[in-house]
Each structure stands twice: as C-alpha cells, then as structure tokens.
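Student: Below is one structure. I have some questions about it.
The values are calculated or read from the model by the stated rules, or taken from the named source; none is laboratory data. Given the structure is predicted, the values throughout are model-derived calculations rather than measurements. Using ideal geometry, Cβ is built from the backbone for each residue, glycine included, and neighbour counts are taken over all protein chains shown. For the accessible areas, the whole protein counts, side chains as well, though only heavy atoms, and no ligand, DNA or RNA atoms are used. Shrake-Rupley method; radii C 1.70, N 1.55, O 1.52, S 1.80 Å.
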Amino acid sequence: MFGFKFRIEVLYFTTFRKSTSTSLISSYTIPPFTTIRGVISNALGLRRDDLRVQEWIKIGIKPQNCINRSTEMAKVLKLKGTGKKYQKTFSSSPMFKEFLVNPVYDIYVAGDQEKIQNIYHALKNPKRPLYIGGSDELVDINTFEPVEIGKATSKETFCVMDGIHENCIIEKIPYKFIQAGRNFSLEYRTVSIPKDENFNGEAEIFNFNGENIFLF
Amino acid sequence: MEIKIPIYNDIWMDNAVENLYRLINDSEEEIDINLDKTELTVNTNDKDGLRGILSSIIQNNRNTLIVKHKDKKTGEIKEIKKDFVLIQEGKKIDGIVAFKENIYSEPNKSTSEILDLIEKNGERTCVVCGNTFFKPYKKLQQASYPFVTKIKSLSGVRTYKDGNFYSFREYYDNFCPICYMVGILEWLDSRIIYRTFPGDKSILFLPYFDNFEDLVEFKEEYGPLLNKSERYSNIRVNLDEDKTEGTPGKFSTLLCFYEKFLLDIDYENVIGRNWAIMEVPFGSVKNIKFRMLNLTDSILGVMKELIGENEIRVYTNLIKETYFFIDNPKGAPVDWDLTRKIREKLSESFLIDDFRSFSRMLLPRKGGKVGYSSETRRNLESLIYIWRLKKMGISKESLGSIKGVGNIVAKVSKNNLSLLYKLDKTRSIEDFWSVLREISRKLIGIDIKKAKVRPTSLDELIQLLKDNEAQWTEIRDLLVVYSSMYYAIGSRGGEKK
Ligand SMILES: [Zn+2]
C-alpha cells in the first residue's frame, strides 16, 4: 500500500457542522471523513455526487494543535424558492454557532500507488480552490511525498482512533455517504480524539515514514 | 423481540437512553432489560407486554412535563406545560394540557405502532443513530431532538435534478422509530436540572459521561436533590423541603447544585463534572444555545475541601451573602439587579477557575461597592486560602503582607478610586512595580496611626514579589481582593450585620 500525509491549516475559522444540529450549529472537533474526501474530490475536479474517492482510500487524522472553540450569533438565511428562478431576498434567523479557531490537522491517506499519486498531484495543483467546512473557509495545504506504508511494529500512536478510549474526546463522525437513487444516507464512525496521551492499543496501525497511524 | 441501543455519544440521546432504562426499571414490571457501559438491551417475547409497560410509564410520569397552577380567583387547578418542554401544545381542555404528540396523547396506540415499526427490517439509514430501519414513525423534529428545527437550508443534501438545477433532499424523514421513541421520552426525565427566567429563557443542565454505568449512578445519586413539580427551578433548598432555589443565572445554579450534592448526598465514586448547558428561549422560534462545561478536578476539590473541613458552601454561605450597596448618605440600600449579576459572575469565575475575574467582581464601582458581613468575609478568606494560597505555596506571613498592603490601598483610595483601578489594570510586572511605587508615595500623605496601616507590609510585599516574579498576576489579584475587601469594610454601610 502507498500513502502520504498532507497538512490542512484552516486560515482563520471554520465549522464542521453536525448535520443534526439545526436549531443551533455545533461543530465536530475534526473534519469528518466525508469532508476530507470532499476536499480531495474537489482537488481532483470531480463532479458533485461523484463519490468514487470513498472506494479509493483509507484515511487517518491527527490534530496538530489544541482545538480552540468559540461561539457567535450567526444570521442563517432560509432557503426559498425552487432554484429555477433567481431569488433576490431571503429571510433569516439568528442562530447560535460554534466555530473552531485556526485548526491544523495532519491527514493521512492510503491506497494503491496510482490513485495515491493522482491524489498527491491533485492536492499540489488543485483543479478548484480548496476550502473546508464552509465554502468560504479557505485552507492552506502542505503535501508530503508519498511513501510505501505497512503495518507498524509498535502499537504506540497519537492519532484519531476507532471506538471509545479513555481520556479522549468521543465523537460520532460522518464516514461515508450511501446513495440510493436520489437519496443519500450517512454512515457514521465513533472515534476517539486524543487530548494529550499516546495510545498503546490493540488496533492495527500503519507506519507512515515513522509515524504510527490508524486508518479508517 | 430484542431492542439494542448502543451509546450515541450525544448528550440528549444518551441521557434519554438512561432515562428510558430508569423508567422501565422503576415501573417494576417483569421484563428483561439491561444497561451496561455502552448498550441498552431490552429482550422480550411479549411485545404486547412491552407496549403495556411503555404506555403506563408515559401515563404515570406525565407530571414531569407540567406544573399545576391554582387560579387565585376561582380556585381552579390548571395544568401548565413547563416552559422548556419543546412538545407542541394544543388548546387546553378543562385545564388539562393537550400535547400535540401522539405518544403523549394516545400512548397505547402510539407505542404499539412504534413497536411494530421497530420489529421490521429496512434499508433506510437513520441520521441520528446511523442504523438501518424500515419506516419512520415521525420525522426528525425538535420535540424528539432539541438540536434541530425546520430550516431547509441546513437540513439536506444538495444534488442535481435532471442535470440542470439543484434539488434538495431533506433528511428529516431519515429518523428511525427507536431514536424517536427514546428522544421524545427524555422530557420525562426528572433529573434534568432546570432554571427558568420567565419571559426570557430556560436553562437546562444534562450530565455527560462516556459510559452509561456512571451516568446511571450519578443521576440516581443526585435525583433526590430535585423537585420536579416547581415551574421555575428544581433544585431543592433543603433535601426534605419542596421549596426550590432562585439562583440568578446558569453558573450559580450549577454551583448551588454542587454544594448540595457534596454536602447532602452520600455519593460513592461517581461525581459528574461534565455538563451540557442548553438555553431554550421563550417565544416561538426555539433556536437554542448550547455549551459544554467541564469542571476541573481542582475546582471540585476546592468545593469538597470547603464543605468537608469548614462546612462552607461557596454559593449559600458566600456568594449568596454578597451584596452591592449603593453609596447613599441616608443608609445603604442594595442594588438588587447588580447584586444578582455580581453573584452570577462570581459563580462563573469560580466554576471556570478564573481568579482574576473573581477578584475584579469585588472591586468597588461607580456609585457603590460590594459588601458582606464579617462572617461572609471569613468564608471568603477561607475560600481564597484553599483555592489560591495553598496551591501557590504562599505562607500565612506572606498573606499578611498582601493584606497589609491591601489595607493601605483601601485607605488611600478612600476619596479616589483611581489607584485601585490602576492596580487592577496592570498588565505587566513593570506596571505593577510602578503602582506599588505610587502606593509608597501616597503613604507619606496619610496619618499612619489614625489610619491603622502597617507601612512595613509594603517592603514585605516587594520582597515577596521579587521572590515570586512568575506569580505576579496571582499576587496582583489577591491584592485586588483584599484592597476591595478593606475598602468595603472601611466605607460606611459596607459591613452588613
Ligand atoms: Zn436512529
């Protein structure tokens, strides 16, 4: 298997909205897997609803800084009309919104060599401007050279892990879209986001150039 | 049939699972139900029996959703839906609340339909739990999950329709009957702590754990502290009384809860310290506010120590006994509005372990000053000792120096508060030195004997600061507290009997 790491730095603020929060806007601590695949699909110039990236890669995540959260009152526009005609005005509703302050994540992707090479080049020269969270939340991406990866001998790691572990932030994160006709549904994964301690668990860990990473 | 509900890691839903478990358990019906760390399992061959249990717990606990109000003129008893309960209400019939939610208006029929749906397998994926199901019983709505409201722009997946324009598939329908039932019944949870400010908002507190076992234990422990039949607040003033506390805000409510918990409850090992605080506004649009509050072990430790060794309750014996007195030659009336604000802010600063902000609340302000009785002052000194000094390793003698200088600052500030404000605003140790120098100059101007100050305390403080440069902010904050304290004592009307 091949893989590489890229670092996503959100330039100012962003929100990874929990899809079931609509009477307020609350944010996940890390970008959901679906969001990361979205960034990659965007870099590759794929069309809307093209979910192929889901089949191509496995993903690992490591938060790089302490995630600071804050809140604001946001004016959320309500959707009107059918989309067939140009709409000039929208009604709005004030809503409590959480946002993250300048978060930085290392993202690890793994898959077969050709796909990984393609994604690597796409992230270096994206087909469209890259953002994460809100469509006006631009990101700075730093890519590292692809390497061959294999199972790690040591199980010690500091990254987002599957399931529930102690001393972590536990979140249920969107993992995959499942399309049936014109309907989409979401598959979730429960993950543990480490706060300050290394794990030394039972899980299968991969070695990315010396870094031990769990892949989803 | 077997129903398995894994932990959601969602504050509302996990409390709801625990609540369902407790309701069924308390009903003492024969049923195989088990809640372990991460899953609730209900096992039965008797679906009709389960339906019976569910509908009877709904009927028997309906009182959790309402309060009874006696009309002063007619003597008639009317039901009022609690202000924060997000279930729609129809027109009252004979003073009885009519819920526009079938599970509450027709529990028998509704639970039967829900159980039928749960039994079937299907292909749809639930947006809340992620499991597959056959058909929804009801759409995802705020009544069953308070974090949603009907806002189209946030509740769907945009997609192409006919390759031309965007259509919009909403996912309110992707809500499984198990999640519906669990979520909608959480309103029957008598262990939600609440405080309602009429016309403004209600604040709800839900404890958070990453496993069900601790959640069950903690909620079970604190249950007796709450009285669900009061409309505006449910923390009992005393364990054996119905009367409830009228705390001024959210942090004071939580602080008040903890001191009662630590003093009145024989808790075992589990003390929750993570809370979700939800604010539900009055009015028709119920966009809620939400925050998590994670108390530190050290603040819990301070509360325990104060209660254990000194029987001092931070809220009741200190913050609730703090007043803002208006400077008034004809006596010292209390500014109640500001007093409530100060009490709330003091509670907040303490709970989030922010001594700086705590100390600033005690500063005199335009038109008056913060005051308290001598007993309250002793409690404040005990709090400061346990909360700050013990940890810093500052000796009692050093505290004497800080207090001595505090006394000087209070005396020289008598007719001019600018020095005290300047002290509070120092942003660097250099600023702090320069304020101390100003204090030393002012010393010359006062009659030391008459003012009962001890000038050597200033030398001592300067030495203390030199030895503990890294902790200068802490020393500054302590000096602010003691200066404010002596200022209050020294001013007329400052000391309350
Ligand atoms: Zn569900």
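Student: Please give the calculated 222 nm ellipticity per residue for chain B, where each DSSP H segment of at least 4 residues contributes -39500 (n - 2.57) and the sum is spread over every residue; nearest 500 deg cm²/dmol? Don't jump to the answer; show the numbers that get you there.
Tutor: Details: 17 runs with 206 residues, N = 497.
About -13000 deg cm²/dmol.
Student: Classify the range B:261-327 as rounded, prolate or oblate from the Cα gyration tensor: take a ≥ b ≥ c as the square roots of its eigenvalues, call it rounded if a/c is under 1.5, otherwise prolate when a/b beats b/c and oblate if not. Intermediate results must be reported in sequence, preceding the final value.
Tutor: Values: a/c = 2.67, a/b = 1.28, b/c = 2.09.
Judged from the Cα gyration tensor, the range B:261-327 comes out oblate (a/c at least 1.5, b/c at or above a/b).
Student: Sticking with this structure for a sec: Cut-off under 12 Å on the C-alpha distance; same-chain residues fewer than 8 positions from B:K82 excluded. Which aspartates and glutamates are left, in chain and number order?
Tutor: B:E230
Student: Angle, helix A:33-44 long axis vs. longest principal axis of chain A, Cα atoms, 0 to 90°, nearest 10?
Tutor: Taking the Cα atoms of chain A, the angle to A:33-44 is about 90 degrees.
Student: Something else about it: In the range A:83-153, what trypsin sites (Lys or Arg not before Pro) fall in a loop by DSSP, with at most 14 other Cβ atoms inside 10 Å? Walk me through the numbers before you get to the answer.
Tutor: Working: sites: A:K84, A:K85, A:K88, A:K97, A:K115, A:K124, A:K127, A:K151; in loops: A:K84, A:K85, A:K88, A:K127.
Answer in residue order: A:K84, A:K85, A:K88, A:K127.
Student: Next question. Give me, ordered by chain and number, the residues 5 or more places off B:I66 or on other chains with an amide H under 5 Å from its own placed amide H.
Tutor: Long-range HN contacts for B:I66: B:K82.
Student: Can you sort A:T71, B:T196 by 1.4 Å-probe accessible area, starting with the largest? Please list the in-between numbers first.
Tutor: Numbers: A:T71 65, B:T196 0 Å².
Accessible-area ranking of A:T71, B:T196, largest first: A:T71, B:T196.
Student: Which of A:I57, A:I169, A:I36 moves most in a GNM of chain A, Cα contacts under 10 Å?
Tutor: A:I169
Student: Enter the mean number of other protein chain beta carbons within 10 Å of the beta carbon of each residue in A:165-178, as an integer. List each step's numbers first, then the result.
Tutor: Numbers: counts 1, 2, 1, 1, 2, 5, 2, 8, 1, 2, 1, 0, 2, 3.
Partner-chain Cβ atoms within 10 Å, mean over residues of A:165-178: 2.
Student: Same structure, new question: When the helices in chain A are scored as -39500 (n - 2.57) per DSSP H run of 4 or longer and the sum is shared across all residues, what 222 nm value do you end up with, to the nearest 500 deg cm²/dmol?
Tutor: Working: 3 runs with 28 residues, N = 216.
Per the formula, -3500 deg cm²/dmol.
Student: State the answer as a single residue: which of B:S349, B:A98, B:S56 lies farthest towards the positive end of the charge dipole of chain B, with beta carbon charges of +1 for Lys and Arg and -1 for Asp and Glu, about the Cα centre.
Tutor: Farthest along the dipole direction, towards plus: B:S349.
Student: On full extension of the chain, what length is gained from B:Y421 through B:N269, given 0.36 nm per residue of separation minus the C-alpha to C-alpha distance?
Tutor: On the way: separation 152, 0.36 × 152 = 54.72 nm, distance 4.44 nm.
Length difference between fully extended and current span is 50.3 nm.
Student: Which ³J(HN,Hα) values in Hz, rounded to whole numbers, follow from the phi angles of the range A:196-203 under the Karplus curve 6.51 cos²θ - 1.76 cosθ + 1.60, where θ = phi - 60° and Gly and Pro get x?
Tutor: My calculation for the range A:196-203 gives 8, 10, 6, 8, 9, x, 8, 5 Hz in order.
Student: Another question about this same structure. How many square angstrom of accessible surface are buried between B and A, both sides summed, with a 1.4 Å probe and rounding to 100? If you can, show how the numbers build up before the last one.
Tutor: Numbers: alone 23830 and 12380 Å², together 32940 Å².
What B and A bury together is about 3300 Å².
Student: While we're looking at this one, here's another question. Given a 1.4 angstrom probe, what's the average accessible area per residue across the range A:55-129, in square angstrom? Working shown, then result.
Tutor: Details: 4460 Å² over 75 residues.
Value returned for the range A:55-129: 59 Å² of accessible area per residue.
Student: Along the charge dipole of the protein assembly as shown, which of B:L399, B:F257, B:S428 sits closest to the positive end, that is, farthest toward it, with unit charges on the beta carbon of Lys, Arg, Asp and Glu (+1, +1, -1, -1)?
Tutor: B:S428
Student: Any idea how far the Cα center of the range A:1-47 sits from the one of the range B:434-470, in Å?
Tutor: 57
Student: Under 1.5 on a/c is rounded, so check that first for the range B:192-256, then, if it is not, pick prolate when a/b is larger than b/c and oblate when it is not; a ≥ b ≥ c are the square roots of the alpha carbon gyration tensor eigenvalues.
Tutor: Numbers: a/c = 2.26, a/b = 1.42, b/c = 1.59.
In terms of gyration-tensor shape, oblate.
Student: Which part of the range B:393-420 falls in the paramagnetic zone of B:I489, meaning amide N under 15 Å from the point 7 Å along Cα-to-beta-carbon?
Tutor: B:399-412
Student: Report which residues of the range B:272-301 become buried by 30 Å² or more of accessible surface when going from the isolated chain to the complete set of protein chains (1.4 Å probe; DNA, RNA and ligands ignored).
Tutor: Listed in order, they are B:N287, B:I288, B:K289, B:F290.
Student: May I ask you to evaluate 6.51 cos²θ - 1.76 cosθ + 1.60, the Karplus curve with θ = phi - 60°, for each residue of the range A:93-105 and list the ³J(HN,Hα) values in order in whole Hz, giving x for glycine and proline?
Tutor: With coefficients 6.51, -1.76 and 1.60, one gets 9, x, 9, 6, 10, 8, 9, 9, 9, 6, x, 10, 10 Hz.
Student: For the pairs B:K81/B:K320; B:K369/B:K449; A:K62/A:K97; A:K5/A:K58; B:K219/B:K345; A:K58/A:K151, flag any whose C-alpha to C-alpha distance is greater than 18 Å. Don't jump to the answer; show the numbers that get you there.
Tutor: Working: B:K81/B:K320 30 Å; B:K369/B:K449 25 Å; A:K62/A:K97 24 Å; A:K5/A:K58 12 Å; B:K219/B:K345 27 Å; A:K58/A:K151 14 Å.
Check vs 18 Å cut-off fails for B:K81/B:K320; B:K369/B:K449; A:K62/A:K97; B:K219/B:K345.
Student: What length, rounded to one decimal in nm, is gained on full extension from A:T143 through to A:N209, with 0.36 nm per residue of separation minus their alpha-carbon distance? The partial results should precede the final answer.
Tutor: Numbers: separation 66, 0.36 × 66 = 23.76 nm, distance 1.36 nm.
Computed gain between A:T143 and A:N209 is 22.4 nm.
Student: Another question, if that's okay. Amide H neighbours of A:F184 under 5 Å, at least 5 residues apart or on other chains, H built in the peptide plane: list them.
Tutor: Those qualifying (amide H under 5 Å, at least 5 residues apart or on another chain) number zero.
Student: Take each of the peptides B:307-314, B:16-23, B:69-76, average the number of other beta-carbon atoms within 10 Å over its residues, and list them starting from the highest.
Tutor: Numbers: B:307-314: 16.9, B:16-23: 23.5, B:69-76: 8.8.
The packing order, highest mean first, is B:16-23, B:307-314, B:69-76.
Student: Could you please state how large a percent of the accessible area of chain B is carbon and sulfur, counting protein chains only and using a 1.4 Å probe? Provide the component values of the computation, followed by the final result.
Tutor: On the way: 10040 of 22240 Å².
C and S fraction of accessible area: 45 percent.
Student: Using 1/(1 + (r/R0)^6) with R0 = 25 angstrom and r between the beta carbons of B:E397 and B:W433, what's the FRET efficiency to the nearest 0.05? Each step should come with its number before you reach the end.
Tutor: Details: r = 22 Å, r/R0 = 0.87.
With R0 = 25 Å, the Cβ-Cβ based efficiency is 0.70.
Student: What's the angle, to the nearest 10 degrees (0 to 90), between helix B:396-412's Cα axis and the longest principal axis of chain B?
Tutor: Between the helix axis and the principal axis of chain B, the angle is about 80 degrees.
Student: Could I ask something else about it? Which whole-number percentage describes the relative contact order of the range B:267-365, with Cα contacts under 8 Å and a sequence gap of 6 or more? Before the final figure, lay out each step's value.
Tutor: Numbers: 80 pairs, mean separation 17.0, N = 99.
Dividing the mean separation by the residue count of the range B:267-365 yields 17 percent.
Student: Just the number please: accessible area per residue for chain B, 1.4 Å probe, all protein chains included, in Å².
Tutor: 45
Student: Another question, then. Need the per-residue list for the range B:112-142: every residue with at least 50 Å² less accessible surface in the complex of protein chains than in the chain by itself, probe 1.4 Å, sorted by number.
Tutor: Buried on complex formation: B:T125, B:V127.
Student: Tell me the label-point distance for the pair B:K366, B:L443, using the 7 Å Cα-to-Cβ offset, in nm and rounded to one decimal.
Tutor: 3.3
Student: Enter the accessible area of B:E217 (Å², nearest 10), with the probe set to 1.4 Å and all protein chains included.
Tutor: 70
Student: Can you tell me the orientation of helix B:456-467 relative to chain B, as the angle in degrees between its alpha-carbon axis and the longest Cα principal axis, to the nearest 10?
Tutor: Rounded to the nearest ten degrees, it is 50.
Student: What spacing in nm lies between the two simple spin-label points modelled at A:E72 and B:V334, each 7 Å away from Cα in the Cβ direction?
Tutor: 4.0
Student: Buried by at least 10 Å² relative to the chain on its own: which residues of the range B:1-35 qualify, computing accessible area with a 1.4 Å probe on protein heavy atoms?
Tutor: With the partner chains in place, the range B:1-35 has these residues losing at least 10 Å²: B:I7, B:Y8, B:N9.
Student: Could you give the distance between the Cα centres of the range B:70-94 and the range A:56-132, to the whole Å?
Tutor: Each part's Cα centre sits 46 Å from the other's.
Student: Separate question: If you put +1 on each Lys and Arg Cβ and -1 on each Asp and Glu Cβ, how big is the dipole of the protein assembly as shown around its Cα centre, in Debye rounded to 20? Intermediate values should be presented prior to the final figure.
Tutor: Values: 107 positive and 98 negative charges, 864 e Å.
That gives a dipole near 4140 debye.
Student: Decide, for the protein assembly as shown, between rounded, prolate and oblate: order the square roots of the alpha carbon gyration tensor eigenvalues as a ≥ b ≥ c, take rounded if a/c falls under 1.5, and otherwise choose prolate if a/b is larger than b/c, else oblate. Numbers along the way, then the final one.
Tutor: Numbers: a/c = 2.07, a/b = 1.37, b/c = 1.51.
Cα axes put the protein assembly as shown in the oblate bin.
Student: Based on the Cβ-Cβ distance of B:K72 and A:D49, what FRET efficiency does E = 1/(1 + (r/R0)^6) give at R0 = 41 Å, to the nearest 0.05? Write out the running numbers ahead of the final one.
Tutor: Details: r = 63 Å, r/R0 = 1.53.
For R0 = 41 Å, the calculated efficiency reads 0.05.
Student: I've got another one for you. Under a plain spin-label model, where a point goes 7 Å from the Cα along Cα-to-Cβ, how far apart in nm are B:N121 and B:E309?
Tutor: About 6.3 nm, to one decimal.
Student: With r as the distance between the Cβ atoms of B:T296 and A:S135 and R0 = 30 Å, compute the FRET efficiency 1/(1 + (r/R0)^6) and round to 0.05. Provide the component values of the computation, followed by the final result.
Tutor: Working: r = 38 Å, r/R0 = 1.26.
For A:S135 and B:T296, the calculated efficiency is 0.20.
Student: Now a separate question. Determine the share of the range A:64-216's accessible area contributed by carbon and sulfur atoms, expressed in whole percent, with a 1.4 angstrom probe. Kindly include the intermediate steps, with their values, before the conclusion.
Tutor: Working: 3920 of 8660 Å².
Of all accessible area on the range A:64-216, carbon and sulfur atoms account for 45 percent.
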